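Okay, structure first, notes after.
Where a number appears in this text, it was derived from the coordinates with a stated rule and is not lab data. As the structure is a prediction and not an experimental result, all values here were calculated from the model. As a convention, Cβ positions derive from the backbone with ideal geometry for all residues, glycine included, and neighbour counts pool all protein chains shown.
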2 protein chains.
Amino acid sequence: MRCPSSSFLRRGTFIVALLWFCSAFAAALENPGNLNLIPVPSKIAVTEGKFRITEDLAIGAIGEAGARSKKAAARFMERLAGRTGLFFKQDYLAELGPSGSSSFLFKYETPGQLEPFEDESYALTVSPDRILLIAKTDLGVLHGFETILQLMDVDSQGYFIPCLQIDDTPRFAWRGLLIDVARHFMPVDVIKRNLDGMAAVKLNILHWHLTDDQGFRLECKIFPRLHQFGSDGLYYSQDQVRDVIAYAADRGIRVMPEFDIPGHSTSWLVAYPALASAPGPFKIERKWGVFDPVFNPTDENTYRFFDLFFEEMASLFPDGYIHIGGDENNGKQWDSNLEIQQFKKAHNLLDNHALQAYFNGRIQAILAKYGKKMVGWDEIFQPGLPKDIVIQSWRGRQALIDSAQRGYQGILSSGYYIDLCQPAAYHYLNDPISDEVPLKDEEKKLILGGEATMWSELVTQETIDSRIWPRTAAIAERLWSPASVQDVDDMYRRLDAIAVRLEELGLTHFKNQEMMLRRLAGSADIGPLRTILEVIEPLKQYKRHDQGLTYTELSPLTRIVDAALPESKAARLFRKMTDEFLRTNDRKIADALKTQLQRWRANHQLLRPLIKSSPVLSEIEPLSQDLYTVADIGIQALDAILAKTAGDRAWVNESRAACELAKKSKGHAELALIPAVEKLVQATLSR
Amino acid sequence: MRCPSSSFLRRGTFIVALLWFCSAFAAALENPGNLNLIPVPSKIAVTEGKFRITEDLAIGAIGEAGARSKKAAARFMERLAGRTGLFFKQDYLAELGPSGSSSFLFKYETPGQLEPFEDESYALTVSPDRILLIAKTDLGVLHGFETILQLMDVDSQGYFIPCLQIDDTPRFAWRGLLIDVARHFMPVDVIKRNLDGMAAVKLNILHWHLTDDQGFRLECKIFPRLHQFGSDGLYYSQDQVRDVIAYAADRGIRVMPEFDIPGHSTSWLVAYPALASAPGPFKIERKWGVFDPVFNPTDENTYRFFDLFFEEMASLFPDGYIHIGGDENNGKQWDSNLEIQQFKKAHNLLDNHALQAYFNGRIQAILAKYGKKMVGWDEIFQPGLPKDIVIQSWRGRQALIDSAQRGYQGILSSGYYIDLCQPAAYHYLNDPISDEVPLKDEEKKLILGGEATMWSELVTQETIDSRIWPRTAAIAERLWSPASVQDVDDMYRRLDAIAVRLEELGLTHFKNQEMMLRRLAGSADIGPLRTILEVIEPLKQYKRHDQGLTYTELSPLTRIVDAALPESKAARLFRKMTDEFLRTNDRKIADALKTQLQRWRANHQLLRPLIKSSPVLSEIEPLSQDLYTVADIGIQALDAILAKTAGDRAWVNESRAACELAKKSKGHAELALIPAVEKLVQATLSR
């Protein structure tokens, strides 16, 4: 199963040129007071005044506070101190201030349970002399802390929280991020920092894709051959798993493991070939795609194996749900196995889908025995399964509708495939329950939420954060905020703000980019690389697999395309300014556009020596040449528009052809400014 | 117990101006072929030709290879692929190529033991069609891998290893890095990435300072109150400890724990106040310094406690040595405890030093019972202890000399206090056995080596890497390479190269700087901050504690001074160019200096709006003003020198006074270019 985008703007010149533009723009937004909240709360009323953050700020609980809220309070204070440089007087590690004198008071009734539909609401009142945070459960308190950290603002007198009243509760109960650690293993610290990122945007479930053809990534005590032979030594110990679960629980996040069966299971069958549907031996798969090895669903040993396996996993993972995958079984091994054919006839199983349904039923019974509910990709859907299972839709929204109409719960992932490097706006407007969905109200309630999916064929621990963040914050808002919150421009404004704030959690979405450029250049002098990176985006969807290189688990993911952020901020702003210029014909905007284009055009000459001294960079020489060409066309188009000269159709055709050529991918990447330049070219005709 | 420096140069203009200068300079070095090896090998002979790195590169063992060398080989290939972008054909995770067809062959005789004086030598022969790496132990093989990675070079035809013959062996057996995780806790991933950095420069022992007044940082099974009450929840589980030890062992690195007793032990006594020399209760110490709480050395319960404690720790830590600290006991609790006074009299212990010697003797006997040798800070030295103990000198070299003359082994840390932000050159020239050391040859053999010490009062997990790297590589060279290797300029050239290469190991010494600037600015637009950061260094030694702020464990270490690198590269190069200009009077150099100074002078105006919008930055406004002033003086001086006008003494006096004022610290930091500007001012007089 298994795309969106953000390039990172650094150069002073363009920034300065943009400042007046963006601020003028922002003033027009409906989000009250231009707050940087993401997700937007259910209800918000801004009042007068500011709560000043000083060294006297002390946090205290009204009534008893449990360990989770105390630890969260300490992290809250540490992050606030980190941003403001203030030496808070309170020893927030050791004690929550006495509630009387504390300027920030919180209160909750009961510890939250980590399960769907637990109360996560909170009410926040900020007045000039006090912050009051009230929630039903400590989960709500944690959400409130994150809201306050997003509210922190600054004026000439210092840091403050604006006075307001927020009443907030999520729209959907299931708000997840899938991290695939099978295709590329992700060490514990990668998972932990992403859990912190999830908490910051109020996501509440980590879907941990632990096994696949390319790796079995956790220690199994009863069948140790699984991790010993199926992982190349890259797996989590059970102690590490418990550590991650506790870390997540401290942040109000559930951890649901996925064990993808009966297909996507080569790594298991390396260890236990006798359980496969065809003779082994098998090797850990290095390539990406759909492979033949599949468990034998007609062999009782298979179920004895899974009974013992899930007994162990059910006690390791406290969450009420276990995901069994169930996707992309090509059936080849089943078709070529005579005994399996006979079994199908004997049991009146008409096709492989029916056979897999039989398998799923057996597995579901095992999970139920150990107190777990089953989750699977949309292929597992079949009437007859108990109604407490959950269907995860990846092939399209229809699966979600079908299953809801038959009374089954579902979550949406189709449209949230963040590995495919599509723009945040694309994901943002993908609503699990859009207006056109033909469902009755009770059926709609069966749609529990959604999950962003971070498949890891083309990411490593160095790049995964940049694929997840900040775009996943847009998905988090879709799943938390009222359906009516749909302003894409305002989303991007807030996304830019949260992107910087997420870095305090150790996330590497920005900082690893220059590290990667330094490695490619073999030097700290990377100026021109930085410039071209502003407008480069990785190829979208699955196109990167179609560029003449066969990627495997061993392929280096350290190229320019890997350093490129999925969505170029500079290109997005350039497109926006272009639209604005074409609407207003404002000379100032044109000048800013031209300055930017000149900078990009000039970069080719600066970059060439660097490319010459680093062969690994040679693949971006044509991309750099294209940037020169396209920027030059843009400059000519601007000049023509400003000069109000009659459109020159020959030049337009020639320029369009050049843009088309430039759109062809080079270095597995593309230039994100071309559509804007094409608009400028088109506009030369209409003057 | 418990400083050096590297600012990071980014701006194209200055870099370009410097290129001709540095390359001309580098050509004069003695290091053959301008290799980037650090530490420099014992013997090296460069031959003709290049070994080309292609996709066909395959690595293979001659004879049997154990897990350590196989895993290291896989990491070697992954790093090489990461830099070159090559898709190696070999499945290096699963198999080492058959030795016949492999272009890179390695061989060793026996697995290395992780203990002092194990054979770490290796011989490397690179010829155009083959790399051959031969060692006595796999530890030598690991060192050889790192050497090859440092040798990797590039020309117009691609990546290559230059042909050569290296025979290499360390000068000292004990080459360590101390990491203090008590003052600020460092999560496992921080330790791991630093172990990788250590391996890259051939360090072989991690000295893990696990306990101190501010925290008891590991799980203790027999006395769980220690971590439960002494750590604020910030400690390593024993599983994590084992994980770190295994990770280190895979990289040929010993892990020696330090349990600092009888003083520096407040965190222990929070849990067990009855073992203290004065009545409790005690609280975990938040401040820095020397504190009163100390174990009661006259109470047999103390030794019963330590017997059980060290029994557990001796089995947790496989290393043959345990460090017991033994430093900075102020004796106050002993002096005010009547029973302790009586005990001293009864046992004829003349002073507290003698009492502590008694304590040490008892502890040493416990360690010996569990098969461990004792290490301690130089205070523990006393005749009568067995000769297998090791004295770590922190107060000065004399302790090392004294103990060696009495037949005791020692290691040097005085002069290697990397937390004090002193220049790499300072540490580099600090030799454990300098020519003046009045020791006989046998006595010199007792000096086992040295350790860089990373005390963590003023670092967090965000900044610790920037204090350790790259300066620690200079110390690593001092401890590995022949004593005659002393060329400071060449060391800096190689340090700049390794600094970039160390980033591939996940180290954050460069990349966290801009992250921190973005947090301070609350925005991705940090251009002028970057510029001033080029020439800022943190205050040296212990001066930062004397600036009107009382730092504690809770103080935010997120300011500009924390983002500043210990040694400004831009300032170092500026000083160097200034010297070169004053020697040659070369106009081209003067132009480059002036361009740079103009850029720094212009920065003040650019930075001011940023400071205005971020109160936490206000403390650097005077620093920025100083940079304006000093750069302006430098420009005037250069103009005067070039104009060959007669020196204007009044202007000189005024400028000197301005420089003196600018030297006064602001924002806990200093401007590293002032000495060079003062030289320029002085030079106006001699024209």
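Some points to look at:
- Other residues lying with their Cβ under 13 Å from the Cβ of A:Ala672 contribute a combined charge of 0, Lys and Arg counting +1, Asp and Glu -1.
- Neighbours of B:Lys192, meaning other residues whose beta-carbon lies under 9 angstrom from its beta-carbon, give a summed charge of -3 when Lys and Arg score +1 and Asp and Glu score -1.
- In terms of its C-alpha gyration tensor, the protein assembly as shown comes out rounded, because the ratio a/c of the largest to the smallest axis stays below 1.5.
- Interchain or long-range residues, amide H under 5 Å from B:Ser568's placed H: B:Ser6, B:Ser7
- Ranked by how many other Cβ atoms sit within 10 Å of their own Cβ, fewest first, the residues B:Trp651, B:Trp268 fall in the order B:Trp651, B:Trp268.
- Percent antiparallel among DSSP beta bridges (both partners in the protein assembly as shown, rounded to 5): 40
- Copy-to-copy label distances for A:Ala246, where each label lies 7 Å from Cα along Cα-to-Cβ, are 1.8 nm in order of increasing length.
- Given R0 = 60 Å, the distance between the Cβ atoms of B:Lys543 and A:Glu311 translates into a calculated FRET efficiency of 0.45.
- B:Asp239/B:Glu300 FRET efficiency (R0 41 Å; Cβ-Cβ; nearest 0.05): 0.80
- Computed from the Cα positions only, the extents of chain A along the three principal axes stand at 81, 71, 52 Å, in decreasing order.
- Calculated log₁₀ intensity ratio I(q)/I(0) where the Debye formula runs over C-alpha points of segment B:177-319, q = 0.08, 0.15, 0.20 Å⁻¹: -0.21, -0.73, -1.18
- 3J(HN,Hα) along segment B:324-331, derived from phi through the Karplus expression 6.51 cos²θ - 1.76 cosθ + 1.60 where θ = phi - 60°, amounts to 10, x, x, 9, 6, 8, 7, x Hz, with x in place of Gly and Pro.
- Nearest-first distances (nm) between copies at B:Gly63, label 7 Å from Cα via Cβ: 7.2
- Sorting the segments B:419-425, B:335-341, B:634-640 by their mean number of nearby beta carbons within 10 angstrom, highest to lowest, gives B:419-425, B:634-640, B:335-341.
- Shielding by partners - mean other protein chain Cβ count within 10 Å, residues of B:360-372: 0
- Scattering profile of segment B:177-505 at q = 0.09, 0.10 Å⁻¹ [log10 I(q)/I(0), Debye over alpha-carbon scatterers]: -0.46, -0.57
- Residue order, fewest to most surrounding Cβ atoms within 10 angstrom, among B:Phe343, A:Phe216, B:Phe359: B:Phe343, B:Phe359, A:Phe216
- Charge tally around B:Ser613: other residues with Cβ under 14 Å, Lys/Arg +1 each, Asp/Glu -1 each, net +1.
- Per residue convex hull volume, Cα atoms of segment B:43-168, in Å³: 97
- DSSP-defined antiparallel bridges as percent of all bridges, segment B:177-505, nearest 5: 10
- Counting all C-alpha pairs of segment B:122-176, share separated by more than 15 Å (%): 51
- For B:Ile447, the residues whose modelled amide H falls within less than 5 Å of its own, excluding neighbours fewer than 5 places apart on the same chain, are B:Gly410.
- Shielding by partners, peptide A:81-93 (average Cβ within 10 angstrom, other chains): 6
- Chain A - share of DSSP beta bridges that are antiparallel (%, nearest 5): 40
- For A:Ser686, inter-copy label distances in nm, listed shortest first [label point 7 Å out on the Cα-Cβ vector]: 7.1
- Cα pair distances exceeding 19 angstrom across segment B:470-611, given as percent: 66
- Rounded, prolate or oblate (a/c below 1.5 giving rounded, otherwise prolate when a/b exceeds b/c) for segment B:96-245 by Cα gyration tensor: prolate
- Between B:Lys588 and B:Gln398, the FRET efficiency estimated from the beta carbon spacing at R0 = 41 angstrom works out to 0.25.
- Summed over all non-identical Cα pairs, the Kirkwood treatment of segment B:511-683 gives a radius of 16.8 Å.
- Its Kirkwood hydrodynamic radius, worked out from the mean inverse distance over all distinct Cα pairs, puts segment B:396-446 at 11.7 Å.
- Exposure proxy ranking, count of Cβ atoms within 10 Å, fewest first, for B:Val290, B:Val677, A:Val561: B:Val290, A:Val561, B:Val677
- Both the radius of gyration and Dmax for segment A:248-360 are 15.4, 51 Å, in that order, over alpha-carbon atoms.
- Computed 3J(HN,Hα) for segment B:44-59, one whole-Hz value per residue from the Karplus formula 6.51 cos²θ - 1.76 cosθ + 1.60 where θ = phi - 60°, is 8, 9, 7, 10, 7, x, 9, 8, 7, 8, 10, 5, 7, 3, 9, 10, glycine and proline marked x.
- Distances between placed amide hydrogens fall under 5 Å for A:Gly647 paired with A:Arg687, all partners being 5 or more residues away or on another chain.
- Estimated vicinal HN-Hα couplings, Hz - segment B:415-425 in sequence order (Karplus 6.51, -1.76, 1.60; Gly, Pro = x): x, 10, 7, 5, 6, 8, 6, 8, x, 3, 4
- When the alpha carbon gyration tensor of segment B:159-234 is reduced to an equivalent ellipsoid, the three semi-axes, largest first, read 37, 14, 9 Å.
- Across peptide B:551-560, the mean count of Cβ atoms from other chains lying within 10 Å of each residue's own Cβ comes to 5.
- Mean residue ellipticity at 222 nm, helices only, the protein assembly as shown: -13000 deg cm²/dmol; runs of at least 4 DSSP H residues each add -39,500 (n - 2.57), and the sum is divided by the number of residues.
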